Amino acid sequence: MRMLLLFYAAAISTSPLEARPAYRTKAPIAYLVDMTSGAVLFDKAADKPIPPASMAKMMTVYVVFDLLQSGTLDKSTEFMVRPETWAKWNNTGSTMFLKPGQRVTVENLLHGVVTLSGNDAAVVLAEGIAGNEAAFVERMNATARKLGMTNSKFGSATGWPDGGRTLTTALDLAQLGARTIQDFPELYRQYYGFRTFRWNGITQLNRNPILRRLSGADGIKTGHTGEAGYCFAGTAVQDGRRLIMVVAGLPDPDSRQRESLNLLNWGFKEWRSLKLYEPQSVVATLPVQLGSKTQIDVIAPKTLALSLPVQRAPRYKLFVRYSGPVKAPFKKGAELAQLVAKFDDTGEQVMPLVAAHSVAKAGFFVRALNGLKTLVGT
């Protein structure tokens, strides 16, 4: 792993222990991260395994979004509600009020999962896509591994209590929420943030506790079972900053709403954003091995900014971290490095850097010529 130092910033003399704003919550588990910078603003038992309840449906939706974006699935595709599925999930927990034998589009089923948290809608999607729920769950777990959710395992498409087969962490759920927004921005806007959804003549409210109470709130998913308590993975964007939070284990819906709003408001009020690079800005140039080019510019894929306390400005070093030299081939937009801000309190904020253009793998003679150029310094 190599590092390229960009600069060292010393804003004011600040004790590292005093650099982070204090915050307390009654939630047994709470986690808050700034998506723009990757900064963890608050962490209380975020790596403790928990049953996610209906927050497990975040993974169900991610899998469906992935199929839609790849073209493997179309939102107009219809799946039939099996009578057996209806019999099991009719009036069992949250429901979309599907009817047995009814044919429902993927688009409407997604609204049923995202807005209404319908267990019936989640299972109909799972069965329609994979043939049965168990096969769909295999896709969920494979996706969790791909996303690096190392402390998560899923036993159902719904998150219904299953004796501990479905477990995750607040950290993994926040990561899943961030990847949903990052990987599928258009689909996220199409399905998340709706306050109501109407199906079969029944209009139901979104249970999201922050939608109508916090500016910029647009997701993500509530959860509640006896074993999990009242839980919520939520997000909001204000002035270009998107925060993602998770709380779990609360005793009632009022405390879930209160702790969620307090945590997000604290994140927006007590932390500020320091812009570093505009989208598409060149941040560094890295050496390339075995490629048709010997160097590659790495650029900011989005606005890159630091999260800093409003009242204090801790010292930090800014550098590029990469495994080098970078080996060809790679495509434009591939993540090749990371922009890292290393703070005096040993904390880091990590942001992705991507290739400005594609580089093909070079043939033998081009590699030999490039090697000669490197030797003679031209």
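Any read-out appearing in this document is the output of simple, stated calculations on the displayed coordinates, not a laboratory observation. On a predicted model such as this, the values are computed, not experimentally measured, just so you know. All Cβ positions, even for glycine, are placed from backbone atoms using ideal geometry, and neighbour counts span all protein chains on display.
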Handout entry: Separation in nanometres of the label points that stand 7 Å from Cα toward Cβ, at SER215 and ASP239
Key = 0.9 nm
Problem - Taking only Cα atoms of the chain, radius of gyration then Dmax in Å - result: 23.1, 76
Exercise for the section: Would you mind computing, in nm to one decimal, how far apart the modelled labels at ASN132 and GLU348 are, each placed 7 Å from Cα along Cα→Cβ? Expected result: 4.4 nm
Practice task
Given the options ALA45, ALA328, ALA305, state which has the largest fluctuation in a GNM of the chain using a 10 Å cut-off (strictly under) for Cα springs.
Solution key: ALA328
Problem - Where labels lie 7 Å past Cα in the beta-carbon direction, separation of PHE97 and VAL310 in nm - result: 4.3 nm
Fill in the blank from the handout: In the chain, whole DSSP H helices that both stretch 15 Å or further along their axis by alpha carbon positions and average at least -0.5 on the Kyte-Doolittle scale are 57-70, 119-130, 170-183, 364-376
Problem - Segment GLU278-ARG189, extension gain: residue separation times 0.36 nm, minus the distance between their alpha carbons - result: 29.7 nm
Handout entry: 17 Å cut-off, amide nitrogen to a point 7 angstrom out along LYS26 Cα→Cβ, residues in the range 215-257
Key = 229-232, 247-257
Handout entry: Cα-based Lys proximity count in the range 1-150, under 30 Å, for pairs eight or more positions apart or on separate chains
Key = 15
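Return the FRET efficiency for the residue pair GLU227, ARG198: r is the Cβ-Cβ distance, R0 is 22 Å, and the value is rounded to the nearest 0.05. Show your work: numbers first, answer last.
Values: r = 32 Å, r/R0 = 1.43.
Between GLU227 and ARG198 the formula returns 0.10.
Given Cβ point charges of +1 (Lys, Arg) and -1 (Asp, Glu) and nothing else, what value in debye, to the nearest 20, does the dipole of the range 22-271 about its Cα centre take? Before the final figure, lay out each step's value.
Values: 28 positive and 23 negative charges, 86 e Å.
The calculation lands at about 420 debye.
Cβ neighbours within 10 Å, averaged per peptide: list 282-293, 117-128 in order, most packed at the top. Walk me through the numbers before you get to the answer.
Working: 282-293: 17.3, 117-128: 27.1.
Result, highest mean first: 117-128, 282-293.
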Completion exercise
The answer for LYS302, listing residues at least 5 apart or on another chain whose modeled amide H is closer than 5 Å to its amide H, is GLN280
